[in-house]
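Everything below concerns the one structure shown next.
The values are calculated or read from the model by the stated rules, or taken from the named source; none is laboratory data. Being a predicted model, the structure only gives us computed values, none of them experimental. Cβ: placed from backbone, ideal geometry, glycine included. Neighbour counts: every protein chain shown.
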Amino acid sequence: MEYRTQLSILLDHMQAGRWQEALKMAARWHDLGGHKTVIERGATAIEHPEFYKQLGQDPDALVAAGIDALKHRYSAGLALVKIQERKVSRPAGGDAVKRKTRRNRKCLNMRKC
């Protein structure tokens, strides 16, 4: 059995268009940055739409805002998954790219460069 991270499961939900599952899953996470409130409200609006109607808010708009926040927060992850699916061939001179990356890592660790 292959081990899957919660993030990979979330990205799968997002790619398949299962936005309700994605919102409910992400709403339980602690580190959502500035998108936390919007994502949590979107997930809660899915489960309790009548409550938000009583407050005078549109539950569908809250869900849409939560979906937009998910897209904004994890759009880089979706792009990475799409690139991996295409199986991009290795560019010529790939070793030079690796050396440059290693050198950059050393510079970041030493903070002198």
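Selection of the range 42-80 for residues being loosely packed, with under 12 Cβ neighbours inside 10 Å and part of a loop (DSSP other than H, G, I, E, B) yields 55, 56. Annotation note: of 55, 78, 70, 108, the sole residue that is more than 18 Å from residue 19 (Cβ to Cβ), at pLDDT 55 or above and of a type in the set (A, V, I, L, M) is 55.
Taking each residue of the range 31-42 that is at negative phi and in contact (Cβ under 8 Å) with a residue 60 or more places away in the chain and looking for partners that are crowded, with 20+ Cβ neighbours inside 10 Å and of a type in the set (Gly, Ala, Ser) with beta-carbon atoms closer than 8 Å, six or more apart or interchain, yields nothing.
For the condition out of contact with any helix residue (DSSP H, G or I) (no Cβ under 7 Å at 6 or more places or on another chain) and of a type outside the set (Val, Ile, Thr), residue 54 qualifies. In this structure, residue 26 does satisfy being closer than 18 Å to residue 6 by Cα, among the small types (Gly, Ala, Ser) and in contact with a Leu (Cβ under 9 Å, 6 or more places away or on another chain).
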